[in-house]
Every structure is written in C-alpha cells, then in structure tokens.
1. Return the residue satisfying two criteria in turn: it lies in region 192-205 and is open to solvent by 20 Å² or more (accessible area, probe 1.4 Å) and of a type outside the set (Gly, Ala, Ser), and of such residues it is nearest to the ligand (Cβ to nearest atom).
2. Can you tell me which residues in region 115-137 are within 10 Å of the ligand (Cβ to nearest atom) and at pLDDT 95 or above?
3. Which residues, counting only those in region 25-38, are open to solvent by 20 Å² or more (accessible area, probe 1.4 Å) and either of a type in the set (D, E, K, R) or more than 7 Å from the ligand (Cβ to nearest atom) (or both)?
4. Does region 452-462 contain at least one residue that is in contact with a His (Cβ under 8 Å, 6 or more places away or on another chain) and either at pLDDT 95 or above or over 17 Å from residue 403 (Cα atoms) (or both)?
5. Restricting to region 144-183, name every residue that is touching a residue at least 60 places away in the same chain (Cβ under 8 Å) and either within 14 Å of the ligand (Cβ to nearest atom) or open to solvent by less than 40 Å² (accessible area, probe 1.4 Å) (or both).
6. Under 6 Å between Cβ atoms, which residue pairs at least 6 apart in sequence (or on different chains) link something in region 223-247 that is of a type in the set (Asp, Glu) with a partner that is in a loop (DSSP other than H, G, I, E, B)?
7. Is there a residue being open to solvent by 50 Å² or more (accessible area, probe 1.4 Å), within 29 Å of residue 351 (Cβ to Cβ) and either assigned to a loop (DSSP other than H, G, I, E, B) or modelled with pLDDT of 90 or more (or both) anywhere in region 53-65?
8. In region 537-569, what residues are acidic (Asp, Glu) and within 23 Å of residue 527 (Cα to Cα)?
Amino acid sequence: MSDTDPPETDADTLRTPIVAVLGHVDHGKTSLLDRIRGSAVAAGESGAITQHIGATAVPLSVISEIAGELVDPTDFDLPGLLFIDTPGHHSFSTLRSRGGALADIAILVVDVNDGFQPQTLEAIDILKRTETPFIVAANKIDTVPGWRPNENSPVQQTMESQSERVQSDLNENLYEIIGELSDNGFSADMYWRVQNFQANIGVVPVSAETGEGVPDLLTVMMGLSQRYMKEEMAIDAAGPGVGTVLEVKDTQGFGTTLDAIIYDGTIRADDTIVVGGLQGPIVTDVRALLRPRPLEEIRTEQTFEQVDAVAAADGVKIAAPDLDGAMAGAPIRVIRDRNRSEVIAEVESELAGIEVTTQEEGVVVKADTLGSLEAISSTLEEEEIPIMRAEVGAVAPRDIRVAETANEPTHRAILAFSVEVLDDARDLAEQEEVKLFENDVIYQLIEEYDDHVTAIEEAQQEQILENITRPAKFRVLKDHTFRQSDPAVVGVEVLSGLLRRNVNVVRWEGGDPKRVGRLKTIQDEGEDVDEARTGERMAVSIDGPTVGRQIEEGDDLWVELPEKHAKILEQELREDISVDEREALSMYLEKRREQSPFWGK
Ligand code: GDP
C-alpha cells in the first residue's frame, strides 16, 4: 500500500474544479489536452503532475509556472484543475453528478478556420441545458498563413509579434466565432476584454500545436473557477465519497472494476459503497483502490498501485465484488457511518431521475452509458420517434426478440449507440428482419434511422400507387380499328393521365359513366407494354364492346375509377401522381360530382 494519507476532517476544504473539453471532431480537443498535460509535465518538477484514472490533475503550482506573469498564485486558493481525459460531448453528457453535469466548467474548442460546425452547436446546446460555464478556445491559430510561432507564449504577445496581415486575418476569423456565439444567444468577446465572465463568454486564441495561448487558457480557467465557483468547491473532504462511474471494465487480477471520478468527499479502501446497476443499486465492499503507477515505475509488474484513500476531485479505479451489473454514468456513494438504506434510496432516486419515456410500440435503444441513453432518448422524443425499450449495454438476442414484436415496419429497429452487437444478436436480427443501426455520434445515428424510415415510407407509397387504379382519358383514333370485337383492338391516344392494363373503360352518357368493357392489353408497335402516358399512341384490346356500336372511332373514353380509389387519390396521393394524372382525376371527379356531389368524398 502507498502512503497516501486520508485527508483530515475539515468541513470546507476546496476541491479541484472538474474541466471538460468539448467541440467538433478534428477541431483539436485531444491535441489541446495533450498539450496541457505536456506543458504541465515540462513545467512542473517530475511527479507534480499525476496521471489519474480518466483525468489529469494540474496543480496550481504548475499552472502558475506555465502561466508566468499572467498568474499570481496568491490570488488563488483552489488547488488547481482536473481535466477529464476523454474529450467530447458524449463523455460530457455521460459524466453527471446529482442529475447535472459532472464537469464544473468546460472548454469549447473551435477551429479558427472552420468556425462553428454541427457538433459545436450540439455542444453549445448541452452546455446551455446543463448551465455549465465555459470559455471558447479558438484553436489552430498557427495555421493562419504567414504565422510565426512563439512556442508556449501568452497569446497577446505572440499576436502582436505577427505581421499586420496575419493579425487582421486572424481577427477576422475570431470575430466570426464571436458572431456565431452571439447568434446562439451568448455575448462574447476576446477574453482580455471580458470583465464579467458570468455574463460574457471569453474567447481565447490558442494553438495546441505550438502551445501559444495555453498559458492564457489555464489562467482564464483558473480565474473563472476561483471567482465564480469557489463556493461550490467547498466540500467536506473527509466525508463519505460521492462519484460517477466512467467505465465498467475488466482489470487483470481484479475482475470487473469501475473507473470512477470522485467529486465529493473521500473513498477509502475499506468502505462499503452503493453503485447504480442495471437491476438497481449494488451494495458492495471495496476490495482495492487503484491508480496508475507513476511513469518512472512503469517497469514493475503491475500497472496499478493500491492506495488507501482518494479524495475529491479525483479519478480512481475501484475493485470490488459484484460489479458486473454496474453501469457507466451511474452514481457511486460511500456508506461508511451513514444510514445504509438512506444511501441506497439516494442512488435509487438518482437512477430514477434519468428519465426515458417508453411506449408499447416503438424502437429499441441501447447505449453505453446512462447519460448517453438519456441524451439519445430525449433527441428521439423531440423527433417524435417512440421508444419501446431503452437500456444500457450490448445488443443481445433478447433485444431482437423485443424489436420484432413491433407492429410498424419502421419500428422493427434497434438504435445502438457506442455499444457492441453480440454475434448471435446480429445473426438473429438478419433472420428476423430487424434493422440494426450502429453509430458513435447521436445525430448520425438518428439520421441513418430517418433515412431508413423515409425509404420504407416511399416503398409503401409505391406499393399503394401500384395497386390503385390510375386516372386516364384517351381517344379512339380514326381509321385505326384493327379488330371490330372479341376483343376490340383499336389505336388510341392518351389525352391525360396514366393508362394501364386490366382496367374497366367507361364513356360518359348524359352525365353518367357507362361501362363499355375491360382494357386487357396495350401494345406499342407490336410489343406488349404495361402502361401509356399522355401524348402516347398505342394499340389497345378492349373486351366487351364492338367498334361502331358501343364505341366509335373518335370517342373519348375514360378509365373507370372505383369510388374508394378516387377518394384515396384525391385525399392522400395527390402529391404523388403526375400533373396530368391530377388533371384527369379532377376532370373525372368533376363529371361524377355533377350528378352526385358527394361522390368520392
Ligand atoms: P479532436 O478530434 O477534436 O480531438 O482533434 P485532434 O486533437 O485529434 O486534432 C485533429 C487534427 O488537428 C490533428 O491532426 C491535430 O494534429 C491537428 N491540430 C490540432 N490542434 C492543432 C493546432 O493548434 N494547430 C495545428 N496546426 N494543428 C492542430
């Protein structure tokens, strides 16, 4: 065991603010985190910056070393910043504390050249919804053509050293970002002009590549936390720990373990904890608390070292029995001297607070964490896509069994977000014609599903159109009677609409349609065809009439529309048929309604 001492009892220790990094893919989230870690390692004496589970702690001493003249460490009493290692809003929404965001503060990374992109907007929405304070890192300033880098320099300094052209190009891009923030309801400005960071968003130009602006970024984060979050950071550090599960995974020698972030109190190696699980709260005894070994000791056999206690805010790997059903995103609470059933009730109510409305009929949703399940479900709800079942975990055969009970073909679908699909489930899905959608980006997942629904609806529409009698008016041509009767074979020209085979033919007599026979075949220069359109001339065979008696050359004939078909065509399919079919339909309806005004209504 290491000699990490549990903190002494102190009702208001200030904890480290937790920082999340969000932004569009490729805008530089990972690079920025790497840069911050790298700068921190370079600045601090070895060991000052510690590798944690799921997070990187950068202590105040290191921040002030990096920030140089920008920071006076005596201005601060918060201990530093804890950066969550997995960037992106997926992890951001997953990491929750008491129903809110786990991160106290966020960095929204925006590529200065690329500006706002779909995931930037998604991130903004999430930050708004969770009321998380944030600053904008306008990244990649080194890519402005003609930029002369000054490694790790404060940003105003390096901006002033650039040519006027470069400065004006960069400023133009920065003001574009400020404009886009304002379009999204945030008043924003360059961070050095912002007085009140609660009312305004500070924009910090940075380069994750050269480290320019990183001192400013850390200073602004530190200042913002100190100024506006100090009260929230006051915790009872020795009290029973509270945290969030980042990930449930196997760790060699320890079985199923939890990677967790503790955001309040302390967890000790001899504590009993309550963890949110698939089947409700799990009560279990901690077997070991683990941390990555410092880099210099990496050669030893074990990757992890055991510690006695971990205090907020920090990341830790928890080994304990019975963790198989634990869920990523779920709460963890230490019982210690508290009432056991009270703590269980708290975890239960936190689990219940994650709301997904399910219905008798709808799609099946599987997601990797509670937070993502909630995010995806709320998006589906907004899009009015009903959900029959929503669960955390891999797609298993029983999910296919649920999905195949859906009545609507569009609902025979499973939306799998960042989860594995078990092989036998995939086979079963294929066999049962349940459609699987897999993606790690919510909006893409839903877009794929929407496309599928559109395709099904179009196919259904086509099927309906295929089975419905289509309107057409056609004229019997002069001198084109090829056969008088049984059947009559005559040349016709389609005047309006779509003429198809196997339809009844009528002629108007004193306002009433009089059936003259059934059109059996259509021929185009001796070849059988299925249909003829406006303007086309074809030879048709009609069973029933004799030319010269029931029909005459020069007659205008119509396809007989059953009343039900006419009604569907007029009320549901008007937009799906061609202009001249619509015209033929209107003329037909008009003629019918002269006699019976409510025909087909
Ligand atoms: P993420 O998807 O937001 O995590 O983006 P990454 O950190 O993976 O960066 C995407 C690409 O942009 C990588 O090729 C990075 O090397 C590059 N990149 C990130 N930040 C900068 C920067 O400040 N300057 C330059 N020139 N390239 C950058």
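The values are calculated or read from the model by the stated rules, or taken from the named source; none is laboratory data. Source: prediction; values computed, not measured. Cβ atoms come from the backbone with ideal geometry, glycine included; neighbour counts cover every protein chain shown. Only protein heavy atoms, including side chains, enter the accessible area calculation; ligands, DNA and RNA are left aside. Shrake-Rupley method; radii C 1.70, N 1.55, O 1.52, S 1.80 Å.
1. Per the stated criteria, the residue is 192.
2. Result: 137, single match.
3. 26, 29, 34, 35, 37, 38 - these are the residues of region 25-38 that are open to solvent by 20 Å² or more (accessible area, probe 1.4 Å) and either of a type in the set (D, E, K, R) or more than 7 Å from the ligand (Cβ to nearest atom) (or both).
4. Taking every residue of region 452-462 in turn, none turns out to be in contact with a His (Cβ under 8 Å, 6 or more places away or on another chain) and either at pLDDT 95 or above or over 17 Å from residue 403 (Cα atoms) (or both).
5. 149, 150, 151, 152, 153, 154, 155, 173, 174, 177
6. Once the first residue is of a type in the set (Asp, Glu) and sits in region 223-247, its partners that are in a loop (DSSP other than H, G, I, E, B) give 236/11.
7. No; the residues of region 53-65 include none that is open to solvent by 50 Å² or more (accessible area, probe 1.4 Å), within 29 Å of residue 351 (Cβ to Cβ) and either assigned to a loop (DSSP other than H, G, I, E, B) or modelled with pLDDT of 90 or more (or both).
8. Selection gives 543, 553.
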